[in-house]
Amino acid sequence: MVDLQTIVDEIAAEMAQATERGAVASYIPDLARIDPAHFGIAVIGHDGVSYAAGDADTAFSIQSVSKVFSLTMTLGAVGDALWRRVGREPSGSAFNSIVQLETEQGIPRNPFINAGAIVMCDILLGRYEPREAIAQFLRFVRALAGDDGIVIDHKVAGGEQETGFRNVALANYMRAFGNIQHAVDKVLGIYFHQCALAMNCRQLALAGRFLMNGGRNPATCRSVVSPQRARRILSLMMTCGHYDGSGEFAFRVGLPGKSGVGGGILAIVPGIASIAVWSPGLNERGNSQLGTLALERLVQRTGWSVFEPVVLSAPEG
Ligand SMILES: NC(=O)CC[C@H](N)C(=O)O
């Protein structure tokens, strides 16, 4: 088999030639000015060896990929009580849609759409002051990646605040149903700072290692979540990680993944690898056009889809 470094190099070379690159998010200037020519990929194997190509060391706005880390942190804070306030079903709607909240009494379909992530911020506010909630979140992601150089881009957070009228509407609407319990500006302050986390592909793949490894950070041997919780987070990534494009992503890539409008995707091959890709051009569902294509190519070349047949031995006895 061709070695993994050659595969990621070839994928980066193919992506550099691509002409259909999608459209960069334009709702804030700091995202709109990003060059669509960027492409990066980083793969961390279960043995800790990393393979990277393209702009793997260029930081980008992780946006909704942060919802994986906020879900992990919120579950750590309140456990399964979270599921009284957030569902676990794919929405089939856009990431910032409000329509289901009316018929479903302010309970968001899942933690990976904006409404779900906003409820998780409200839950964190029950434990921390706003600044402390943001600082704890940053500390948590830094610890997962083993990198204290990760920062929040405050200009991006400010831009989100200035233009985030739909998020304000979502939060107020859920407040009317009692599913937001703190001041909306404080809740959204946390949400916007989570979205504004700046990371590069290497850091993002490092931060995802615990999910490939049954909930344990392989670098520190510390348990981040239980194996059962890791499986459940992965199943939500598979079913809800790409909003109304989740079915298409599962069909094409077959891995649990989470995307963001900054063009990043974190994808996990349980037991095998943590992968981050980044290309800022988005498809019509708000998911990275070339990031998705690159993951499709990687899975074709490696056979890493979770739907690949594996030979299981029958239980003894
Ligand atoms: N899909 C995303 O990445 C959405 C995040 C974005 N900051 C928003 O709230 O609209």
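A short reminder: the numbers here are calculations on the coordinates, not readings from a lab. A quick note: this is a predicted structure, and the numbers were derived from the prediction, not measured. All Cβ positions, glycine included, derive from the backbone under ideal geometry; neighbour counts span all protein chains shown.
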Practice problem: Could you size up the charge dipole of the chain around its Cα centre, putting +1 on the beta carbon of Lys and Arg and -1 on that of Asp and Glu, and report it in debye to the nearest 20? | Solution: 880
Quiz item: Given charges of +1 on the Cβ of Lys and Arg and -1 on the Cβ of Asp and Glu, with all other atoms neutral, how large is the dipole of region 64-196 about its Cα centre, in debye to the nearest 20?
Solution: 160
Practice problem: Using Cα pairs closer than 8 Å and at least 6 residues apart in sequence, work out the relative contact order for the chain, in percent. | Solution: 26
Exercise. Just tell me which aspartates and glutamates come within less than 14 Å, Cα to Cα, of LYS155; anything on the same chain fewer than 8 places away is out.
Key: ASP30
Quiz item: For region 41-93 and region 118-173, what is the separation of their C-alpha centers, rounded to whole Å?
Solution: 14
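Below 8 Å between Cα atoms, with a sequence gap of 6+, how large is the relative contact order for region 64-196 in percent? Show your work: numbers first, answer last.
Working: 155 pairs, mean separation 42.1, N = 133.
Reported as a whole number, the value is 32 percent.
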Quiz item: If you bin the C-alpha pair distances of region 129-226 every 10 Å from 0, what whole percents do you get?
Solution: 15, 36, 30, 18, 1
Quiz item: How big is D for the chain, in µm² s⁻¹ as a whole number, if Stokes-Einstein is applied with the Kirkwood radius of its Cα pairs at 20 °C and 1.002 mPa s?
Solution: 111
